[in-house]
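The structure under discussion appears below in the form of structure tokens.
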Amino acid sequence: MGNKTKSFDCIVFGEIIYDIYNNIPQLGGAALNYSWYLSQFGIKVLFISSVGPDNLGKKALEKINSNPLISSSITVSDRKTGSAQIFGTIKDPDFVINENVAWDKIKLPLDINDYKTQSLYFGTLSQRTKFNQSSLKEFLRLKNNQYHMVDLNLRKNYHTKAIIEYSLIQASFVKMNHVEFEYTRQLLKVSSPDELLHIYDIDTILITNGHHNVNLINKQRTISTLPPKSNAIDTIGAGDAFFATFTAGLLKNLELDHILSKSCEIASYVTERKGAIIDLPKNLKCFE
């Protein structure tokens with residue numbers, strides 16, 4: 001633990017994955033990307049994960065520890081640091097996420113029940129092992145957190161109907177892209193986002209559709225926003241930046257329309273730059 005406090009704005013559970021494209025490893029993983037962008041808005045994060053005893057693990061820890069707003073509870077495993085081989089193009093990636101790696105076995109801090117936070121985050125990918133499913137169940141026993149932020153990141157065959165349903169039941173806010181929504185809709189036999197919202201008692205669903213539009217659906221209304229035009233060169237991490245910005249806006253009690261347009265602005269900015277983890281310029285870090 002970087003510091004002694006046990007009070008955070010958000011506690012994040014999930015993966016650290018290097019995307020390997022043309023033999024060049026780039027640090028990422030949805031949970032780490034999300035933690036990074038949250039911290040860019042002055043949000044105090046505790047990030048729970050695991051790396052291997054290798055060079056990639058060491059580099060990941062150095063990067064994470066260089067950020068004063070991210071406290072980490074990252075165990076060093078006897079397994080390799082997570083990685084994914086990226087094929088296709090960066091704009092339209094296809095990948096293989098290596099198995100039996102460090103983040104498949106995430107251990108919670110022993111004193112996890114003493115921690116306080118307003119929000120918890122997890123995704124579906126980190127639940128691909130029984131070990132993590134059991135860690136996550138314990139993680140979600142933390143009390144008095146207003147927001148459960150869930151990323152339905154349906155990667156390859158690393159999800160089951162049970163994982164998706166468990167995630168939706170636990171979620172107060174859930175993000176997915178339009179392909180993931182369509183898949184989920186058919187799998188769970190629901191006709192609309194509204195139906196999904198009511199069946200699983202979700203507060204808000206966010207459905208992203210690349211540079212086309214983003215839909216926010218809650219029990220009161222639906223908002224649709226168009227992201228600003230961007231000259232996308234690398235879409236990896238943009239969805240995580242979007243969701244982190246959205247969470248930061250929630251934690252700052254801002255208006256939903258404003259939060260949504262800011263989240264789109266940040267996601268577009270990230271697509272115009274290489275890499276999943278980017279330091280935002282000062283002018284973008286405030287919500288004005």
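The values are calculated or read from the model by the stated rules, or taken from the named source; none is laboratory data. Everything numeric in this text was worked out from a predicted model, so none of it was measured. Heads up, the Cβs are rebuilt from the backbone with ideal geometry, glycines too, and the neighbour counts pull from every protein chain shown. Surface areas here come from the heavy atoms of the whole protein model, side chains and all, with no ligands, DNA or RNA. Shrake-Rupley method; radii C 1.70, N 1.55, O 1.52, S 1.80 Å.
Key figures
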quantity: Karplus (6.51, -1.76, 1.60) ³J(HN,Hα), θ = phi - 60°, over the stretch 168-178, in Hz, Gly and Pro reported as x; calculated: 5, 5, 7, 7, 9, 10, 10, 10, 8, 8, 5
quantity: Most fluctuating residue given options Thr75, Thr117, Thr160, as computed from a GNM of the chain linking Cα atoms under 10 Å; calculated: Thr160
quantity: Under Karplus coefficients 6.51, -1.76 and 1.60, residue-wise ³J(HN,Hα) of the stretch 113-125 in Hz, glycine/proline x; calculated: 6, 8, 7, 10, 7, 8, 9, 10, 10, 7, x, 7, 4
quantity: Candidate residues Arg141, Arg221: accessible-area rank, largest first, probe 1.4 Å; calculated: Arg141, Arg221
quantity: Range of Cα positions in the stretch 130-184 per principal axis (Å), largest first; calculated: 33, 25, 13
quantity: Net charge contributed by nearby residues that have their C-beta within less than 15 Å of Pro193 (K/R +1, D/E -1); calculated: -1
quantity: Over the chain: helical MRE at 222 nm, DSSP H runs n ≥ 4 each giving -39500 (n - 2.57), nearest 500; calculated: -9500 deg cm²/dmol
quantity: Cα-Cα separations in the stretch 11-101 greater than 17 Å, expressed as whole percent; calculated: 47 percent
quantity: Using a Förster distance of 22 Å, the FRET efficiency for Ile169-Ser191 (Cβ separation, nearest 0.05); calculated: 0.70
quantity: Per residue solvent-accessible surface (Å²) - the chain, probe of 1.4 Å; calculated: 45 Å²
quantity: Dipole magnitude of the chain about its Cα centre (Cβ charges: Lys, Arg +1; Asp, Glu -1), debye to nearest 20; calculated: 500 debye
quantity: Sulfur and carbon atoms: percent of accessible area, the chain [1.4 Å]; calculated: 50 percent
quantity: Selected from Gly88, Gly57, Gly237 as most flexible by GNM, with the chain as the system and alpha-carbon contacts under 10 Å; calculated: Gly88
quantity: Separation of alpha-carbon centers, the stretch 142-212 and the stretch 44-103, rounded to whole Å; calculated: 24 Å
quantity: Cβ-based net charge around Asn145, under 12 Å, with every Lys or Arg adding one and every Asp or Glu removing one; calculated: +2
quantity: Among Asn33, Asn67, Asn132: highest mean-square fluctuation, GNM of the chain, C-alpha pairs under 10 Å; calculated: Asn67
quantity: Rotationally averaged projected area of the chain (alpha carbon convex hull; nm²); calculated: 13.8 nm²
quantity: Long-range amide H partners of Lys116 with built H, under 5 Å; calculated: Ser7, Phe8
quantity: Fraction of alpha-carbon pairs over 17 Å apart in the stretch 146-272 - percent; calculated: 55 percent
